[in-house]
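Engineer: Encoded as structure tokens, here's the structure I'll be asking about.
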Amino acid sequence: MTSVIQTHHLNLSYGSKQALFDVDFPFAERQVTALIGPSGCGKSTLLRCLNRMNDLIPSCKITGEILFRDENILDADPVELRKQIGMVFQRPNPFPKSIYDNIAYGPRAHGERDAGKLDAIVENSLKGAALWDEVNDRLHDSALGLSGGQQQRLCIARTLAVSPEIILMDDPCSALDPIATSKIETLITDLKQKYTVIIVTHNMQQAARVSDTTGFMYLGKLVEVDDTKKIFSNPAEDLTERYVTGRFG
């Protein structure tokens, strides 16, 4: 298993409150890795470390290493890093612009001005997010007119438009209905053909359906990480077993 990004002795504090404790986690290339655990256990905090989103919190202090292609991202330019490691948030957050301009925003910000190339990026990104067939005749309509599920796929397309290697997803289906959730889950499975996908989810059934590897976190510590089937059928740690079988607490 080749790790595309991995943490070594990662600790994170918000002021005097420590949120992550000595986390060592290798994330496999072109697989879906799910982070599970109770609310407040550090899943989203860990996810946000992987593209330096926690830098935006003034009280945040991080020690340890996060190696992406063997380079410590804590020393990297965060703007360039976020081009390579994109984020899809819990609730869809399309810009109040057209569908086209939402997708073209990132490439334009990185200097792309050629109209033909932008057209191709928009089409390929929407196809990559399984949205092209639904919106290709209204690309210049407002993205805010899309359904919640379509808006979330638009946000995924917007991430794909800058050609990342890794896509981070922070509970991307929590605000969606079951039909939209099913479409996003199918898309996640398809995306791993080209991308490494790391997903935080509160839905253990979702983790079991879409991920290859699952990490269970509790109180800021990584309790266990293994093949998803093993985590849900025969975990090594008693705490993991009690969580996945609903006997927690």
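Engineer: If Lys and Arg each add +1 and Asp and Glu each add -1, what is the summed charge of the other residues whose beta carbon sits under 13 Å from the beta carbon of residue 127?
Structural biologist: Overall, the nearby charge balance is -3.
Engineer: Mind giving me the nanometre distance, one decimal, between the label points for residue 137 and residue 247, set 7 Å out from Cα along Cα→Cβ?
Structural biologist: The answer from the label model is 5.6 nm.
Engineer: For residue 177, project a label point 7 Å along Cα to C-beta. Then give me every residue of region 95-113 with its amide nitrogen under 16 Å of that point.
Structural biologist: none
Engineer: Could you give the length gained on full extension between residue 114 and residue 8, defined as 0.36 nm per residue of separation minus the Cα-Cα distance, in nm? Don't skip to the end; give the middle numbers.
Structural biologist: Numbers: separation 106, 0.36 × 106 = 38.16 nm, distance 4.13 nm.
Length gained between residue 114 and residue 8: 34.0 nm.
Engineer: Note down the accessible area of residue 52, probe 1.4 Å, to the nearest 10 Å².
Structural biologist: 30 Å²
Engineer: What list of ³J(HN,Hα) couplings, whole Hz, do you get for region 193-208 from phi and the Karplus terms 6.51, -1.76, 1.60, once you set θ to phi - 60° and write x for glycine and proline?
Structural biologist: Each residue's phi maps through the Karplus curve to give 5, 10, 10, 8, 10, 10, 10, 8, 9, 8, 9, 5, 5, 5, 4, 5 Hz.
Engineer: Eight or more residues apart or on different chains, and alpha-carbon atoms under 28 Å: count the Lys pairs in region 24-142 matching that.
Structural biologist: Close lysine pairs found across region 24-142: 9.
Engineer: Give me, ordered by chain and number, the residues 5 or more places off residue 217 or on other chains with an amide H under 5 Å from its own placed amide H.
Structural biologist: Close amide H contacts, sequence-distant or interchain: 36, 37, 223.
Engineer: Name the residue from 79, 89, 68 whose Cα lies farthest towards the positive end of the charge dipole of region 16-93, charges +1 on Cβ of Lys and Arg and -1 on Cβ of Asp and Glu.
Structural biologist: Going by the charge dipole, the pick is 89.
Engineer: Could you please state, rounded to a whole Å, how far the C-alpha centre of region 59-110 is from the C-alpha centre of region 169-208?
Structural biologist: One Cα centre to the other: 19 Å.
Engineer: Next up: Ignoring ligands, DNA and RNA, what percent of the accessible area of the chain is carbon or sulfur (1.4 Å)? Intermediate results must be reported in sequence, preceding the final value.
Structural biologist: Details: 5520 of 11640 Å².
Reported share for carbon and sulfur atoms: 47 percent.
Engineer: Which of 60, 173, 49 moves most in a GNM of the chain, Cα contacts under 10 Å?
Structural biologist: For the chain, modelled as a Gaussian network with Cα springs under 10 Å, the answer is 60.
Engineer: Here's something else I'd like to know. Let's see if you can work this out: charge +1 on each Lys and Arg Cβ, -1 on each Asp and Glu Cβ, no other charges. What is the dipole magnitude of the chain about its Cα centre, in debye to the nearest 20? Write out the running numbers ahead of the final one.
Structural biologist: On the way: 27 positive and 32 negative charges, 92 e Å.
Dipole magnitude for the chain comes out near 440 debye.
The values are calculated or read from the model by the stated rules, or taken from the named source; none is laboratory data. This structure is a prediction, so every number in the text was calculated from the model and none was measured. FYI the Cβ positions are ideal-geometry reconstructions off the backbone, even for glycines, and counts take in every protein chain you see. Heavy atoms of the whole protein, side chains included, go into the accessibility calculation; ligands, DNA and RNA do not. Shrake-Rupley method; radii C 1.70, N 1.55, O 1.52, S 1.80 Å.
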